[in-house]
Amino acid sequence: MPAYKLTYFNVRGRGELIRLLFAAGEIPYEDVRIESDNWPELKPKTPMGQVPILEVDGEVICQSMAIARFVAREAGLLGKTHLDQARADMLLDGGIDVGKLFEEMVMEKDASKKAEKKKEFGEKTLPPFLALYEGFAGDNGYFVGYSLTWSDIAFFNMMDFITAEFPSALDGYCNLTKVIKIVKRVPGIAKWLKERPITDN
Amino acid sequence: MAPKYKLTYFDVRSRGEPTRLIFAAAGVEYEDVRLTFEEWPPIKPTTPMGNLPILEVDGVTLSQSMSIARFVARETGLDGKNKLEKAQADAFVDELEEPLAAKLPVLLGFTTDEKEKEEKAKEVDQLIEEKLGKCEKLSGSNGYLVGNSLLWCDLVFYNIAYYIEVYKPGTLQNYPKLAKVYATVKANPRIAKWVAERPAGQYQYGV
């Protein structure tokens, strides 16, 4: 088995999907978490001056989604056919803009601007997205076909962040609630959720 | 017999062109549907996410331009020789597509207000320097971004570099490895044929 070493900050952020995928696949890896103070020294040594990076048997992969897709493949969670894989990709892509707006809201330092952004997100951005994705999720609790793919896990991860600010976001969405339940019960993920370091974001 | 794949987009390059380039490079036929803006509103609610491009294949409709491009790359064997190459190709695409592939065509083809142009140009200049700098560092030096054969990331790069060269000709001279990739793609006979024959598109610079 290759040696995997993930390097990222001590946050969930753009690294957590990767960690969840390793967990789901029950694939051992080194989960390196760097301090912000150490980052300037490490930065020029990374391919694109960013983390996360994944080292696999001496090769370095950068870009969080490229890494996540790589690990999803290793864990057998990419999708069975090219079409399944494309569907998983497309559902992930479709959530990125929403994720970005949520991130912008969370990072907003001005309190009144933040409140405004939160209201906008909760009332205008999130509901149509969830309504659309409720339609995409099968009533069996999977986004793609009849088995778990990384798109289910990515959705869980995104909602993990979002429900911290909007706890009742998924109320009334039966299919999406099922997706979350199934992901939480994947043995490797259940274990990881119990053991993972608790971080603000 | 109708082609297996049907791509629907507007009559522009922008987000549909990487997929068209991949089909061209692979020599695979497809239906290249180009909608006018008037034709779009009734079709919009029938698409998975209310946007274009979409790709129809085997009764399934895919959306999201890079998911579509990656799918066609996988189908045609242009996604990478092994899982490492696939990841490296993905990384280049991620770095190059957002937000540069969105902002540069808009600046070139759709921005007329002078002040807005100036502001957008500043942003785009910064992005170009940042993205090309990173990609130059990681690119192969043999005319391919990854490995030693043409992959979809080279075509995604070519599409954006084409806009960059329209916007500020000679930019690629500052990035020798990337300039080599650009030249490799340009010289590919199937790509050369497609570029010579492809529709000019509705907008300035055929964005």
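Key figures for this structure:
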quantity	calculated
Evaluation of A:Val144 against (1) within 14 Å of chain B (Cβ to nearest Cβ); (2) assigned to a loop (DSSP other than H, G, I, E, B); (3) farther than 20 Å from B:Ala73 by Cβ (one fails), failing number	(3)
Flag if B:Arg74 is in contact with a helix residue (DSSP H, G or I) (Cβ under 7 Å, 6 or more places away or on another chain) and at pLDDT below 95	no
Residues satisfying the stated conditions in region B:54-102, i.e. among the polar types (S, T, N, Q), assigned to a strand (DSSP E or B) and more than 7 Å from chain A (Cβ to nearest Cβ)	B:Thr61
Yes/no for A:Leu21 being within 14 Å of another protein chain (Cβ to nearest Cβ), part of a strand (DSSP E or B) and either surrounded by 16 or more Cβ atoms within 10 Å (Cβ to Cβ) or not hydrophobic (A, V, I, L, M, F, W, C) (or both)	no
Matching residues, region A:28-49, being of a type in the set (A, V, I, L, M, F, W, C), out of contact with any helix residue (DSSP H, G or I) (no Cβ under 6 Å at 6 or more places or on another chain) and not in a strand (DSSP E or B)	A:Trp39, A:Leu42
Residues located in region A:161-182, provided they are in contact (Cβ under 8 Å) with a residue 40 or more places away in the chain and within 15 Å of the chain's Cα centre (by Cα)	A:Phe161, A:Ile162, A:Val179
Unmet criterion (only one of (1) within 13 Å of chain A (Cβ to nearest Cβ); (2) crowded, with 22+ Cβ neighbours inside 10 Å; (3) farther than 13 Å from A:Leu83 by Cα) for B:Pro18	(1)
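Residue-wise test of (1) surrounded by 17 or more Cβ atoms within 10 Å (Cβ to Cβ); (2) outside any helix (DSSP H, G or I); (3) within 14 Å of chain A (Cβ to nearest Cβ).
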| position | (1), (2), (3) |
| --- | --- |
| B:Leu104 | yes, no, no |
| B:Lys122 | no, no, no |
| B:Leu150 | yes, yes, no |
| B:Tyr182 | yes, no, no |
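The values are calculated or read from the model by the stated rules, or taken from the named source; none is laboratory data. These numbers come from a predicted model, not from an experiment. Cβ coordinates were reconstructed from backbone atoms using ideal geometry, including for glycine residues, and neighbour counts include every protein chain displayed.
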